[in-house]
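The values are calculated or read from the model by the stated rules, or taken from the named source; none is laboratory data. Since we're looking at a predicted model, the values are computed, not measured. All Cβ positions, even for glycine, are placed from backbone atoms using ideal geometry, and neighbour counts span all protein chains on display. Note: areas computed on protein heavy atoms with side chains; ligands, DNA, RNA excluded. Shrake-Rupley method; radii C 1.70, N 1.55, O 1.52, S 1.80 Å.
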Amino acid sequence: MSKQTLSILRSPHSKGVGYVNFSATGKLLLSVGVEPEHTITVWRWQEGSRVCSKAGHPDRIFVVEFRPDSDSQFVSVGIKHVKFWTLAGGALMYKKGVVGTVEDSRMQTMLSVAFGANNLTFTGAINGDVYVWRDHFLLRVVAKAHTGPVFTMYTTLRDGLIVTGGKERPTKEGGAVKLWDQEMKRCRAFQLETGQQVECVRSVCRGKGKILVGTKDGEIIEVGEKNAASNLLLDSHGQGGIWGLAAHPVKELCITASDDATIRLWDLSDKKLLNKVCVGHAARCVSYSSDGEMLGVGMKNGEFLLLLSNSLKMWTKKRDRSASLQDIRFSPDHRLLAVGSVENTVDVYDMSGGPSLTRLVYCSDIPAFILQLDFSADSGYIQVSTGAYKRLVFEVPSGKLLSDQTSIDRITWATWTSILGDEVLGIWPRNADKADVICACVSHAGLNMVSGDDFGLVKLFDFPCSEKFAKHKRYLGHSPHVTNIRFSHDDKYVISTGGDDCSDSGEENSLLTGRNLQQNQNQAQCERPSATTHWGFERTEQRHKKNKEALIQESFLWEG
């Protein structure tokens, strides 16, 4: 597979494309728009030409699929409708599904479609039933094929067997994945064993004695038909963006926090999920303590949790805010915890007294919501980046705003994740809007900086990056936008998270890791002082020379 673009179709769908499907021979392509008319368009995609278009239905269309033996017949299903389409010459014609042929039946919202021999069509309904059609007439109803919605169906051409996936609690007789005979009269249910209960399946595919299953929680599972064994191939977050990201301070681990109300611990070298915990509400930020023993999680509802990082068990929780928390940080001396929110405040807590967490002060006079927080190396100051795109520095625990620039320049910072300041001026592109650069992180060696932006780009800079429009390398791994980015503890990896990745609904997300490679000598170099700098990353001339080629990066191997 070359991964080269074969065709670009200039679509008439003004609001976006909701579904695509190839015909039996692969010569034609269907597309469905998300505009109010839900227009269905047929393409000769290899030629880049449009065959015809027609308004699909006033209500949403979920699936449109060609019959597996046809280039001229397809079926569309959606909210309270089923339509059977025929492509004749350059025109589309359809017949509505007729349910009156079966007593007490009524049209349901249909979510999925499959096909059988003798012109049979199967549609999966939102109430768990499967409707069986011949031509455009309802033949019978398979009642409660699943106890919940039938989200997906798959027709196997080789033997005519049909796989369905839906919402159903695993039992001895039932499960979220079922394999049916050609007429959907008998079935075999599969239990999905991943260590946690799986009861909602969104996609299925079958071949070579195995069934591939995609779940609501972003997992891909391979199920053997003979032994019913489950093999977890891929883990990810589910619905909602990933906003929280933190790298372990001494191990090749990272943790992510998502709107799907889970936090997940990942092994960077093996690219595997090690643990996940449901925290009950959408999670927006996460941070490790400097020794890696404690984990802080900030929630969208204003609550924050402190967990023991090895077990992810609760140590304490507290809620002093009613709106989303944006960042959470432990001081390097383990004594303080800082929590920034959309309420234009930073709360500072004393951790030395145990789980009770006394709030020492809250930093006020902040002009907008919090973007990023960073502690100084001596735990005496905190750097606050705000939604007004102003960088503020406060003394802690007093909460006093530091206004003397000379004093600020003398501060050594333990970390730097701010997108603001003279030291990072060069990460902002020409003609940039304020929201274009979303996140940034300086490597632990202090030689490099990465940023993530609203266009899905990860960019690599030398640090400091004080010249406007600085030279950089850029890498595309996300759809817009990159929500967070971090270096691993040894700067071996860069980890980035995305918000609207790989989803027409904009509700999926991704986690990517990039392995650093040695640099060719065409990377622009910034002059660096040979002693401790004001941005707080101590670098000697000897170490700089040693790391010059090893730490300046040429590209990422995206392995996520």
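Here are the numbers for the structure shown:
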item	result
Separation in nanometres of the label points that stand 7 Å from Cα toward Cβ, at R359 and S14	4.9
Contact order relative to length of region 320-365, as percent, for alpha carbon pairs under 8 angstrom and 6 or more apart	28
Label point distance in nm, V250-D490, each placed 7 Å from Cα along Cα→Cβ	1.4
Stretch gain in nm, segment H281-M1, where the contour uses 0.36 nm per residue and the Cα spacing is subtracted	96.7 nm
Over 24 Å (Cα to Cα) - which of K54/K80; K15/K54; K272/K313; K226/K271 fall in this group	K226/K271
Normalised contact order of the chain, rounded percent, pairs of Cα under 8 Å and 6 or more residues apart	6
[x] -0.46; [y] -0.51; [z] -0.65, with the label sought being that of the calculated log10 I(q)/I(0) by the Debye sum over Cα atoms at q = 0.07 Å⁻¹	[y]
Potential lengthening between K208 and S352 on full extension [0.36 nm per residue; Cα-Cα distance subtracted]	45.9 nm
Cα-centre dipole for the chain with unit charges at Cβ (Lys and Arg positive, Asp and Glu negative), debye to 20	1480
Residue (of Q196, V396, L157) at the positive-pole extreme of the chain, dipole from beta-carbon charges	L157
Packing-based ranking, highest mean first, of 7-19, 374-386 given that Cβ atoms within 10 Å are counted	374-386, 7-19
Carbon and sulfur %, accessible surface of the chain computed with the full protein complex present, 1.4 Å	49
Protection proxy ranking of 221-227, 437-443, 333-339, 74-80 - average other beta-carbon atoms within 10 Å, highest first	437-443, 74-80, 333-339, 221-227
Difference of contour (0.36 nm per residue) and Cα-Cα distance, S70 to V102	8.8 nm
Among G238, I211, Q182 the positive-end extreme of the charge dipole of region 166-248 (Cβ point charges)	Q182
Residues E222 and A368, FRET efficiency given R0 of 41 Å [Cβ-Cβ distance, rounded to 0.05]	0.30
For region 261-299 versus region 461-480, the gap between their alpha-carbon centres in whole angstrom	27
Label-point separation, R60 to K80 (7 Å along Cα→Cβ), nm	1.5
Crossing angle, helix 541-551 versus the chain [Cα axis fit, 0-90 degrees, rounded to tens]	10
Within the chain, helix-based [θ] at 222 nm, where runs of 4 or more DSSP H residues each add -39,500 (n - 2.57), nearest 500	-1000 deg cm²/dmol
